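Peer 1: Here you go, one structure.
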Amino acid sequence: MRVLGVDPGLTRCGIGVIEGSPGRTPALLLADVVRTASDLDTGQRLAALERSLVQYIAEYRPDAIAVERVFARRDVSTIVGTMQASGVVLLVGTRAGLQVAEHTPTEVKAAITGNGRADKAQVGQMVMRIMHLDAAPRPADAADAVALAICHLWRAPAIARLALAGQRRALAQGQAAARARAAARTRDIAGRDA
């Protein structure tokens, strides 16, 4: 499975592409950052991010995209840009027909380091160890994107099993409801014939 991880941001958007399967050391294909100039209009910055993501998808052909789920912070100006960048990632991935999964920072940190409160340096060090790299990807946004991709690669089978179980449950509930409606119709017909 090939996963494109994205640490969304308007000024710096971390990008990481890995390939592998759960239980095996994944291969690092890309660790990069898309930068947009703060003197551009927000729409231009988002359009530049979109173009870059479309190029990465065309070049690396990922099976899935993992993006950090945006959570509330005290600094509203930072959260707005992050949410806008995240929206572009969700849109581009969905338009490309890819599975797009959101993971919280705590989920990613716990998956990578075993500690949901790990700092960026700890995440970078564990990415380096997991990927058997000589150094952590730089800047930290790129390491975070690779961590997102690793988290998704490891969690994807469980996510797929949960989705399948949900589909089966919905199907069973639908079938049970259909049987109940059929039984009710049979009772109604029998009651009219009596």
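The values are calculated or read from the model by the stated rules, or taken from the named source; none is laboratory data. Source: prediction; values computed, not measured. FYI the Cβ positions are ideal-geometry reconstructions off the backbone, even for glycines, and counts take in every protein chain you see.
Peer 1: Pick from VAL80, VAL54, VAL92, VAL76: which is in contact with a strand residue (DSSP E or B) (Cβ under 9 Å, 6 or more places away or on another chain) and either within 14 Å of PRO8 (Cα to Cα) or surrounded by fewer than 15 Cβ atoms within 10 Å (Cβ to Cβ) (or both)?
Peer 2: Values: VAL80 fails: in contact with a strand residue (DSSP E or B) (Cβ under 9 Å, 6 or more places away or on another chain); VAL54 fails: in contact with a strand residue (DSSP E or B) (Cβ under 9 Å, 6 or more places away or on another chain); VAL76 fails: in contact with a strand residue (DSSP E or B) (Cβ under 9 Å, 6 or more places away or on another chain).
That would be VAL92, the only listed residue that is in contact with a strand residue (DSSP E or B) (Cβ under 9 Å, 6 or more places away or on another chain) and either within 14 Å of PRO8 (Cα to Cα) or surrounded by fewer than 15 Cβ atoms within 10 Å (Cβ to Cβ) (or both).
Peer 1: Determine if the stretch 109-122 includes at least one residue that is of a type in the set (A, V, I, L, M), in contact with a helix residue (DSSP H, G or I) (Cβ under 8 Å, 6 or more places away or on another chain), at pLDDT below 95 and under 22 Å from GLY20 (Cα atoms).
Peer 2: Yes, that holds for at least one residue.
Peer 1: Which is aliphatic (A, V, I, L, M), touching a Gly at 6+ places or on another chain (Cβ under 9 Å) and touching a residue at least 24 places away in the same chain (Cβ under 8 Å), of ALA156, ALA142, ALA110? Write out each step before concluding.
Peer 2: Details: ALA156 fails: touching a Gly at 6+ places or on another chain (Cβ under 9 Å); ALA110 fails: touching a residue at least 24 places away in the same chain (Cβ under 8 Å).
Every option except ALA142 fails the conditions.
Peer 1: Still on this structure, please answer the following. Residues that are part of a loop (DSSP other than H, G, I, E, B), over 15 Å from the mean Cα position of the chain (by Cα) and surrounded by 10 or more Cβ atoms within 10 Å (Cβ to Cβ): does the stretch 148-170 have at least one? I'd like the intermediate steps shown before the answer.
Peer 2: If we filter the stretch 148-170 for residues that are part of a loop (DSSP other than H, G, I, E, B), which is where we start, we get none.
So far as the stretch 148-170 goes, no, none of its residues is part of a loop (DSSP other than H, G, I, E, B), over 15 Å from the mean Cα position of the chain (by Cα) and surrounded by 10 or more Cβ atoms within 10 Å (Cβ to Cβ).
Peer 1: Out of the residues in the stretch 1-38 that are among the charged types (D, E, K, R), closer than 30 Å to SER77 by Cα and touching a helix residue (DSSP H, G or I) at 6+ places or on another chain (Cβ under 7 Å), state the one that is surrounded by the most Cβ atoms within 10 Å (Cβ to Cβ). Before the answer, list the steps.
Peer 2: First, the residues of the stretch 1-38 that are among the charged types (D, E, K, R): 2, 7, 12, 19, 24, 32, 35.
Checking which are closer than 30 Å to SER77 by Cα leaves us with 7, 12, 32, 35.
Add one more test, that the residue is touching a helix residue (DSSP H, G or I) at 6+ places or on another chain (Cβ under 7 Å), and what stays is 7, 12, 32.
On the way: ASP7: 29, ARG12: 16, ASP32: 18.
Per the stated criteria, the residue is ASP7.
Peer 1: Taking the condition of a type outside the set (S, T, N, Q) and either surrounded by fewer than 14 Cβ atoms within 10 Å (Cβ to Cβ) or modelled with pLDDT of 85 or more (or both), does ALA140 pass?
Peer 2: Here the answer is yes, as ALA140 does meet what is asked.
Peer 1: Go over the candidates GLY116, GLY174 one by one and state the one that is among the small types (Gly, Ala, Ser) and part of a helix (DSSP H, G or I).
Peer 2: GLY174 is the lone residue from the list that is among the small types (Gly, Ala, Ser) and part of a helix (DSSP H, G or I).
Peer 1: Then there is this: Just one of LEU91, LEU98 is at pLDDT 95 or above, of a type in the set (A, V, I, L, M, F, W, C) and farther than 19 Å from MET1 by Cα; which is it? If you could, list the steps in order and put the result at the bottom.
Peer 2: Details: LEU98 fails: farther than 19 Å from MET1 by Cα.
Only one candidate passes the filter, namely LEU91.
Peer 1: Contact list please: Cβ distance under 6 Å, first residue in the stretch 4-31 and farther than 12 Å from ILE150 by Cβ and in contact (Cβ under 8 Å) with a residue 24 or more places away in the chain, second residue in a loop (DSSP other than H, G, I, E, B) and among the aliphatic types (A, V, I, L, M), pairs at least six apart or on different chains.
Peer 2: Filtered contacts from the stretch 4-31: no entries.
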